[in-house]
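Q: I am attaching a structure below and will ask some questions about it afterwards.
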Amino acid sequence: MNDWPIFSQPHSSRHLQSILHALDIERQHTIVYPSQDQLFRAFSLCPYKQVKVVILGQDPYHTPYAADGLAFSTPQGMRMPPSLRNIFKELHDDLKMTRLSTDLSDWAKQGILLLNTVLSVQAHHAHSHAHLGWEEWVKEVILDLNLSSSPICFVLWGKHAQKYETYITKPHHMILKSAHPSPFSAHQGFFGSKPFSRINAFCLEHDLTPIEWSDQS
């Protein structure tokens with residue numbers, strides 16, 4: 001898929017095939033999100049060599065039609081999830097930008113890997129696929145990205161995402177950490193963390209094109 005090494009490495013490929021086999025069995029007797037064709041959308045929209053930013057989420061939205069394969073994103077026209085609402089609030093407070101579109105595919109196309117640490121979920125059961133092996137596979141993704149010679153800003157919101165910090169060791173990368181944007185924790189350090197301006201400062205420092213965060217032309 002694009003130029004992602006994770007899909008061609010023998011060990012990672014075997015690991016992934018095991019997950020997908022379990023997922024096929026799961027889909028035979030229950031509803032799984034996102035749809036099969038959107039499962040790896042984060043990778044298809046953001047090629048490996050174009051990654052400038054990684055934003056780690058936890059697992060997909062588990063309500064009908066909300067998961068679109070990108071962490072925190074949801075199709076336009078869906079009710080805005082609370083975490084995304086808080087992300088947009090911080091965007092406005094940080095850069096005075098207003099964003100209305102809940103579809104974050106434009107961010108992905110600018111080099112942001114919007115990656116969940118678990119890529120699938122059973123309908124109405126949050127984090128129900130943690131047992132499938134996704135988190136170990138995503139660890140391999142992060143290890144591959146750590147080896148990239150291009151500087152990458154890793155955005156780790158919340159304790160779950162911050163478990164992956166140990167795999168980011170190269171000094172040319174940057175790690176941004178704060179509380180998760182969930183309503184349960186956003187007031188514990190997410191609000192006021194100014195991630196969007198800090199990401200763009202990182203891009204400018206490394207001669208990378210800053211991210212256009214707003215959907216307003």
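Q: Given H placed 1.01 Å from N in the peptide plane, which residues other than close sequence neighbours of N116 have an amide H under 5 Å from its amide H?
A: Here the answer is G57, A71, since their amide H atoms fall under 5 Å of that of N116.
Q: Rounded to whole Hz and in sequence order, give me ³J(HN,Hα) for segment 137-142 from the Karplus expression 6.51 cos²θ - 1.76 cosθ + 1.60, θ = phi - 60°, writing x for Gly and Pro.
A: Listing the rounded values in order: 5, 5, 4, 5, 4, 5 Hz.
Q: Using modelled amide H (1.01 Å from N, peptide plane; none on Pro or chain starts), what sits under 5 Å from the amide H of L208, excluding residues fewer than 5 places away?
A: none
Q: Follow-up question, since we're still on this one. Based on Cβ point charges of +1 for Lys and Arg and -1 for Asp and Glu, what charge dipole magnitude is obtained for the chain about its Cα centre, in debye rounded to the nearest 20?
A: Charge dipole, the chain, about its Cα centre: 360 debye, nearest 20.
Q: Classify the chain as rounded, prolate or oblate from the Cα gyration tensor: take a ≥ b ≥ c as the square roots of its eigenvalues, call it rounded if a/c is under 1.5, otherwise prolate when a/b beats b/c and oblate if not.
A: Numbers: a/c = 1.66, a/b = 1.20, b/c = 1.39.
Oblate shape, in that a/c is at least 1.5 and b/c is the bigger or equal ratio.
Q: State to the nearest 20 debye the size of the charge dipole of segment 136-217 about its Cα centre, where the only charges are +1 on K and R beta carbons and -1 on D and E beta carbons.
A: 380
Q: Could you give the length gained on full extension between E205 and S13, defined as 0.36 nm per residue of separation minus the Cα-Cα distance, in nm?
A: Fully extending the segment from E205 to S13 adds 65.6 nm.
Q: Just to check I understand the Karplus step: with θ = phi - 60° and J = 6.51 cos²θ - 1.76 cosθ + 1.60, what whole-Hz values come out for segment 177-194, glycine and proline as x?
A: With coefficients 6.51, -1.76 and 1.60, one gets 10, 6, 5, 6, x, 4, x, 6, 9, 4, 7, 9, x, 6, 5, x, 7, 6 Hz.
Q: Using amide H atoms built in the peptide plane, which far-off residues or other-chain residues are under 5 Å from L176 H to H?
A: F154, V155, L156
Q: For K96, give me every one of the aspartates and glutamates with a C-alpha distance below 14 angstrom, ignoring sequence neighbours fewer than eight places off in its own chain.
A: Excluding near neighbours in sequence, the set is E212, D215.
Q: Just from its helices, what would the mean residue ellipticity at 222 nm be for the chain, if runs of 4 or more DSSP H residues each count -39500 (n - 2.57) and the sum is divided by every residue, rounded to the nearest 500 deg cm²/dmol?
A: Computed ellipticity for the chain at 222 nm equals -10000 deg cm²/dmol.
Q: Sticking with this structure for a sec: Through the Karplus equation 6.51 cos²θ - 1.76 cosθ + 1.60, θ set to phi - 60°, convert the phi angles of segment 10-19 into ³J(HN,Hα) values in whole Hz; use x for Gly and Pro.
A: x, 5, 5, 5, 5, 4, 5, 4, 5, 5
Q: Report, in debye and to the nearest 20, how large the dipole of segment 81-181 comes out about its Cα centre when Lys and Arg carry +1 and Asp and Glu carry -1 on their Cβ.
A: Numbers: 10 positive and 10 negative charges, 46 e Å.
It works out to roughly 220 debye.
Q: Rounded to the nearest Å, what's the spacing between the alpha carbon centres of segment 158-202 and segment 1-72? Just the number, please.
A: 22
The numbers here are math on the coordinates, done by the rules we state, and not lab data. None of the values given here were measured: they were computed from a predicted structure. Here Cβ is always computed from backbone atoms with ideal geometry, including for glycine, and neighbour counts include all displayed protein chains.
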